[in-house]
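The values are calculated or read from the model by the stated rules, or taken from the named source; none is laboratory data. These figures come from a predicted structure and were not determined experimentally. Note that we place each Cβ from the backbone using ideal geometry, even for glycine, and neighbour counts take in every protein chain shown. Just the protein is used for accessible areas: all its heavy atoms, side chains included, with ligands, DNA and RNA removed. Shrake-Rupley method; radii C 1.70, N 1.55, O 1.52, S 1.80 Å.
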Amino acid sequence: MSHRFYVDSPITDKLATLAGTEAHHLLHVLRARAGEEVTLFDGNGAEFRAVVRELNRQTAQLEVVERLEIDRELPFALSLAVALPKGDRQKLLVEKLTELGVGRLVPLRSERSVAQPKGSALDRLRRSVIEASKQCRRNRLMEIAEPISFHDFLEKPAAATARWIAHPAGETETHSFGQAHGELAILVGPEGGFSDAEVAAAREADWCCIDLGPRILRIETAAIALAALAATSARP
Ligand code: SAH
């Protein structure tokens, strides 16, 4: 299996250029030579066999030799809105959700949430998505959306979308997730949990409460467990 590199513009012709972090990885970490074969992806779903042609100090030119339509996505759209934890736990969450095939991660502002990332902090998380996609061979990037308020996210899903809200309330409403659903949206709360008013509003808007057991999980544990549950239970 050849090394994978991300190209940040759509690969449409026979030549591709690596710059920035990706070029650094190829030139100075792998010390690639002209003629070596690597795999490229542009985040839009396909991957490409390519051969290194020209090496400069900070960029590399590659010749694209084959486009491969390799789909490693889930068979349904999965969005998670999460009141993101801080620091390294945020990065871990982004890495694992990328590996599990989540389509979209939305930082969630709720009554008890801490400040959600914006600007360069979001860019750093998007870089983590690329790193994880290089490693797990995903060809489509998980989207990291701008932060959204709890009430805006509640109303967002289209009518057909299955809706789960994670809440350690000691009761789980029946949730079945079969092939019928094309989309699933999941809400995970902050360390302080969702407020009673938030849970009531979610129920009102047809969100189904999911209890993951009698232990209180960290935000990232709950989000990763739910993504794994959804990803595997939706298998035919
Ligand atoms: N302080 C809150 C727990 C917050 S844990 C309390 O004591 O109730 C952070 C988030 O992770 C929760 O809002 C919920 O979305 C999710 N979570 C944690 N443990 C869970 C469990 N056992 N079941 C369902 N969701 C859980």
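Points worth noting:
- Meets criteria (touching a residue at least 40 places away in the same chain (Cβ under 8 Å) and not polar (S, T, N, Q)) for residue 91: no
- Selected residue (criterion: modelled with the lowest pLDDT) from residues of the range 183-199 that are out of contact with any helix residue (DSSP H, G or I) (no Cβ under 9 Å at 6 or more places or on another chain) and open to solvent by 50 Å² or more (accessible area, probe 1.4 Å): 183
- Residues in the range 200-213 that are within 22 Å of residue 102 (Cα to Cα) and either assigned to a helix (DSSP H, G or I) or in contact (Cβ under 8 Å) with a residue 60 or more places away in the chain (or both): 202 alone.
- Residue match in the range 122-139 (condition: more than 16 Å from the ligand (Cβ to nearest atom), surrounded by 14 or more Cβ atoms within 10 Å (Cβ to Cβ), assigned to a strand (DSSP E or B) and in contact (Cβ under 8 Å) with a residue 12 or more places away in the chain): no
Residue by residue, here is whether (1) acidic (Asp, Glu); (2) in a loop (DSSP other than H, G, I, E, B); (3) at pLDDT 95 or above holds:
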position	(1), (2), (3)
180	no, yes, no
221	no, no, yes
228	no, no, yes
231	no, no, no
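- Among (1) part of a helix (DSSP H, G or I); (2) within 14 Å of the ligand (Cβ to nearest atom) - the single one residue 216 does not satisfy: (1)
- Qualifying residue in the range 29-39 (condition: of a type in the set (Val, Ile, Thr), surrounded by 18 or more Cβ atoms within 10 Å (Cβ to Cβ) and either part of a helix (DSSP H, G or I) or not assigned by TED's automatic domain parsing to the domain that holds residue 182 (or both)): yes
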